[in-house]
Amino acid sequence: MIVLNLPEIEKKWQKKWADTGLYKFDKNSDKPKKYVLEMFSYPSGANLHVGHWYNYGLTDVYARYSRMKGFNVFHPMGFDAFGLPAENYAIKTGIHPKDSTLKNIETMERQLKEMGASFDWDYEIKTCLPDYYKWTQWCFVQLYKRGLAYRANAPVNWCPKCNTVLANEQVVDGCCERCGTPVIRKHLTQWFFKITDYAEELLDGLDKLDWPEKTKLMQKNWIGKSTGSEIKFQVVGGGELSVFTTRADTLYGCTYVVISPEHELVDSLTTPEQKKAVEEYKLYAAKASEIDRLSTTREKTGVFTGSYAINPINGRKIPIWAADYVLASYGTGVVMAVPSHDERDFEFATKYGLPIERVVEKLREDQDDTLPFVEYDGKLVNSEGFNGLTVTEGKKAITEYLEKNGKGNFKTTYRLRDWLISRQRYWGAPIPIIHCPKCGDVVVPEEDLPVELPYDVDFTPDGTSPLAKHEGFMNCKCPKCGGDAKRDPDTMDTFVCSSWYFLRYPDNRDSEKAWDPEIINRMLPVDKYVGGAEHACMHLLYARFFTKAFRDMGYLNFDEPFTSLVHQGTILGPDGEKMSKSRGNVVSPDEYISKYGSDAFRMYLGFGFAYIEGGPWNDGGIRSISKYLDRVERLVDKVYSGKDENDPSKDSKELLFIKNRTIKAVDGDLDTFSFNTAIARLMEFTNALYRYTEGSYDIEVAKDCIRTLLLLLAPIAPHFSEELWERTGGEYSIFNQDFPKFDEKHLVMDEITYPLQVNGKLKDRFALPADYSEEQIREYVLDKYSDIFEGMEIVKLIIVPKRIVNAVIRPKK
RNA sequence: GCGGAUGUGGCGGAAUUGGCAGACGCGCUAGACUUAGGAUCUAGUGGGUAUCCGUGCAGGUUCAAGUCCUGUCAUCCGCACCA
């Protein structure tokens, strides 16, 4: 017997699949479409790692399964090719990001093909090429025209020694990862996308999505809707401060106001006497790293600005402090401090000797209302006409009172912030904006796109955006007035590239427009999106925002980009830690693939882990998969050898039951990415076939079961199944066959084995015809187990037909 | 600190959603075949000096709990004083 050599036959079938165009997407098919998409990958230098295989190999199982289930599957692949790593690599080695990236892409394309994944490469995209980023820039232009892109001051991480902007990832313990200098925050004028305009819809839309609940919860918390009140405080000596609060009921207890030290009004509020102290404090706050500043254990700090505000409810004069426990980016950047009913305010007031005055009392005796009393179960006191109201009533009444007097209103705020997209980097899509001394910010006309990224750029970090040093790039004419102007030297966040790539795939060669609405309205939304959970709040939210914004501009007609979402787990190193070069625990698939074949490798990934959990790598099981495939091959050859004795009278009932049960289970499991149980069921089916084919048996039945087994196995081990399918005389290709259907009539059991529990403990088992009624079961049990019930009182006899029998008994008195 | 998730044999993991815990596989033990075995096949395999105990731990609900509730511990992930 010749045992097939998987690595060899894999090459053969890959070639045949390519030659026959098996995975070419048929635009004109009348089957229902299914858009199956993995989050595209970043072309890093190394070979495909185990994580890629886990993501792409197993989603390919789903794509092939869907195809056999009768869908017209669209399964494209591309590369998220801009980004920091290529630029850092270039700084270190001098190899240009474009060269290294394109080379990496080539390697990955080859490896993905060797994986045997059913991508249609005709639809490939690479975000770093002008024919793609032209349209990324076009997206920017549309958002700009729609009023969804704006420029504002925003802080960046700045290393004073390297003179460069750092990504969060480059800040380690508050210091620059390269030189160890403490990082400070520096303000730059940067571009934002107004995602907050869509906060409400982004929140509402979650309900309709077939996404993991935890992901939806994370997005919900990230958007962070909060309903409360906006209250205006007059500043003594002129001006006004607006605060947001969820506790308007405590307004009488507000004894001071706190403003974020970065707030634009801080300077004007600071009196000459306090100027030095406030300036020092601002510096202190700017130096403190995010982590330090936001740590709970860190002592609250602040400084008096010298100014006072008027509490609008009682006309009281209260001091205005600046403190970094208030964030400029949330609410209005100003807080009304009620130390008696807020933990942070209490701590701060205690430290600085500010007044603490109770305005809420407990409602019930069992409550502990020591200050700070933050419970909502309370009633108002020391609040003049509002005394006696509950917290909820008080919020409403006080805000209504303020509203009547023009001093406040109800307000909803979101934790979600606008999306800062400017990056002071080279390797990204240039922002298509021209700064004209006369006309201001001018958007590049669409016919002038793309704004090409120049190749000959000095990207050593020296305090200036790399593009800013490139005269040829920077100098241009203003599209409005024709005068000398400068380009925006920044590039876009790579999340911009990945916020619309799924729209580009179906129409990736279009040179006239970003996408053809007619095509994408037909092809989108993505029916199954697969990728890591780490993108729950950023990428997945940005992509939803883009979809909604372009829908409102009339470029597409659906509300959500990804109908159904699956997160694959993470494969960790054998040590249980995240795989990383620095830890030295990276597992390369290459060796396993050349030894066992890509089918065995992907099948092991499916079998050895719960897909959405992932877990530490362990190669103990890969051999067993290889052995399993050998076992299937031996079975096929045995049944098709013509040497076994045919016995058409053999009882096939059990085998047919298992066959149909297996079809049903595998179908359901593949649909829900439960690859491990699907494979377990296939093994059981195989074991049953081995039992059946001992001695003589009905060869036709066995052959039929084997064809079913191969069809079920095909999505999981495509090359192997195609090879054996051919060996059984099956028509090319196995992937053009229908996924097997089960027949309910073989799943009907004549007999059920019941467990008998006595007082909840298993005592025995008995078999009864499946159609026995509860009453018949009762009679049978009382009769059969009369010895157990002898001298006992049967308190209850619980009978769940087709499930279980439980007798609750106790000794007779 | 807050939030989320997870916790089941020596190991990876199942468990029809409240109904026989440990499917399937690895590993291990014994045996068969064999010149040989990292091949193949067969049997066994949660623990326990066996009417018992077992899903991190302690309670609770229920005829019945891995599953629901309360508390608690551990690990991982996310977020960062959210007013």
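Counting pairwise Cα distances across region A:633-727, what percent come out greater than 15 angstrom?
58
Residue farthest toward the positive end of the dipole of chain A, with Cβ of Lys/Arg at +1 and Asp/Glu at -1: which of A:P715, A:M218, A:G306?
A:G306
Whole-Hz Karplus ³J(HN,Hα) for region A:196-206, in order, using 6.51 cos²θ - 1.76 cosθ + 1.60 and θ = phi - 60°, x for Gly and Pro?
5, 4, 9, 3, 4, 5, 4, 6, 4, x, 4
Quick one: what are the phi-derived ³J(HN,Hα) couplings along region A:783-792, Karplus 6.51/-1.76/1.60 with θ = phi - 60°, whole Hz, x for glycine and proline?
Values, residue by residue: 6, 5, 9, 4, 5, 5, 7, 3, x, 10 Hz.
What are the semi-axes of the equivalent ellipsoid for region A:679-813, taken as the square roots of 5 times the Cα gyration tensor eigenvalues, largest first, in whole Å?
Calculated on Cα positions only, the semi-axes equal 48, 14, 13 Å.
Please tell me the relative contact order of chain A in percent, rounded to the nearest whole number, where contacts are Cα pairs under 8 Å and at least six residues apart.
14
Mean residue ellipticity at 222 nm from the helices of chain A, using -39,500 (n - 2.57) per DSSP H segment of n ≥ 4 over the full residue count, to the nearest 500 deg cm²/dmol?
Helix-only estimate at 222 nm: -10500 deg cm²/dmol.
Each residue of region A:102-107 in turn: what ³J(HN,Hα) in whole Hz from Karplus with 6.51, -1.76, 1.60 and θ = phi - 60°, glycine and Pro shown as x?
Going residue by residue, I get 5, 5, 4, 4, 4, 4 Hz, with x marking Gly and Pro.
Give me the three principal axis extents of region A:176-283 from the C-alpha atoms, as integers in angstrom, largest value leading.
59, 50, 25
Please list A:128-135, A:4-11, A:782-789 highest first by mean number of surrounding beta-carbon atoms within 10 Å per residue.
Result, highest mean Cβ count within 10 Å first: A:128-135, A:4-11, A:782-789.
How long, wide and thick is region A:269-416, going by the Cα atoms along their three principal axes, in whole angstroms, largest first?
45, 37, 34
Pull out the extension gain between A:R778 and A:A152, defined as 0.36 nm times the separation in residues minus the alpha carbon to alpha carbon distance; nm, one decimal.
217.6 nm
If you find the alpha carbon centre of region A:121-170 and of region A:363-412, how far apart are they in angstrom?
Cα centres, region A:121-170 to region A:363-412: 46 Å.
How are the alpha carbon pair distances in region A:123-245 distributed across 5 Å bins from zero to the largest one, expressed in percent?
2, 8, 9, 8, 12, 19, 19, 13, 6, 3, 1, 0, 0
Placing +1 on the Cβ of each Lys and Arg and -1 on the Cβ of each Asp and Glu in chain A, which of A:V258, A:L354, A:V141 has its Cα farthest towards the positive end of the resulting dipole?
A:L354
Rounding to the nearest 10 and keeping the result within 0 to 90°, find how far the Cα-based axis of helix A:391-404 lies from the longest principal axis of chain A.
Helix A:391-404 sits at roughly 50 degrees to that axis.
Over the residues of region A:63-113, compute the C-alpha Rg and express it relative to 2.2 N^0.38 Å.
1.67
Carbon and sulfur together cover what percent of the accessible area of region A:79-151 at a 1.4 Å probe radius?
47
Would you work out which of A:Q234, A:S733, A:L670 lies farthest towards the positive end of the dipole of chain A, given +1 charges on the beta-carbon of Lys and Arg and -1 on that of Asp and Glu, about the Cα centre?
Value computed over the given set: A:Q234.
Run through region A:497-567 and list the trypsin sites (Lys or Arg not before Pro) located in a DSSP loop whose Cβ has at most 11 other Cβ atoms within 10 Å.
A:R509
Jot down the per residue volume, in cubic angstrom and as a whole number, of the convex hull over the alpha-carbon atoms of region A:463-587.
202
Could you give the semi-axes, largest first, of the ellipsoid that matches region A:1-150, computed as the square roots of 5 times the alpha carbon gyration tensor eigenvalues and rounded to whole Å?
32, 24, 12
What is the Cα centroid distance between region A:725-763 and region A:446-508, reported in whole angstrom?
Here the answer is 59 Å between Cα centres.
Would you please put A:391-398, A:419-426 in order of how densely packed they are, using the mean number of other Cβ atoms within 10 angstrom per residue and starting with the highest?
Top to bottom by mean Cβ count within 10 Å: A:419-426, A:391-398.
May I ask you to give the solvent-accessible area per residue for chain A, in square angstrom, as obtained with a 1.4 angstrom probe?
45
Helix A:213-223: angle to the longest alpha-carbon principal axis of chain A, degrees 0 to 90, nearest 10?
Around 10 degrees separate the two axes.
Taking the Cα atoms of region A:400-498 alone, what are Rg (to one decimal) and Dmax (as a whole number) in Å?
According to the Cα coordinates of region A:400-498, Rg and Dmax are 19.6, 64 Å.
So in chain A, what percent of DSSP beta bridges are antiparallel if you round to the nearest 5?
Rounded to the nearest five, the antiparallel share is 75 percent.
Testing the spin-label approximation: label points 7 Å from Cα along Cα→Cβ at A:K643 and A:D787. State their distance in nm.
Output for this residue pair reads 5.1 nm.
I'd like the orientation of helix A:130-145 relative to chain A: the angle between its Cα long axis and the longest Cα principal axis, in ° from 0 to 90, rounded to 10.
Tilt of helix A:130-145: around 50 degrees.
Please work out, to two decimal places, the log10 of the ratio I(q)/I(0) at q = 0.20, 0.31, 0.32, 0.34 Å⁻¹ from a Debye calculation in which every Cα of region A:101-143 carries one identical scatterer.
Normalising to I(0) and taking log10 leaves -0.73, -1.07, -1.10, -1.14.
Taking 8 Å as the Cα distance limit and 6 or more residues as the minimum spacing, I'd like the relative contact order of region A:457-503 as a percentage.
Rounded, it is 24 percent for region A:457-503.
Quick query: amide H of A:L756 versus all other amide H atoms, modeled in the peptide plane; which residues come in under 5 Å with a sequence gap of 5 or more or a different chain?
Under 5 Å from the amide H of A:L756: A:K763, A:D764, A:R765, A:F766.
Which percent of Cα pairs goes in each bin when the distances of chain A are cut into 10 angstrom slices starting at zero?
2, 10, 16, 18, 17, 14, 11, 7, 3, 1, 0
Sequence gap at least 6, Cα distance under 8 Å: using those rules, report the relative contact order of region A:371-462 to the nearest whole percent.
13
The values are calculated or read from the model by the stated rules, or taken from the named source; none is laboratory data. Because the structure is predicted, anything quoted here is derived from the model rather than measured. All Cβ positions, even for glycine, are placed from backbone atoms using ideal geometry, and neighbour counts span all protein chains on display. These accessible areas exclude ligands, DNA and RNA; they are computed on the full protein's heavy atoms, side chains included. Shrake-Rupley method; radii C 1.70, N 1.55, O 1.52, S 1.80 Å.
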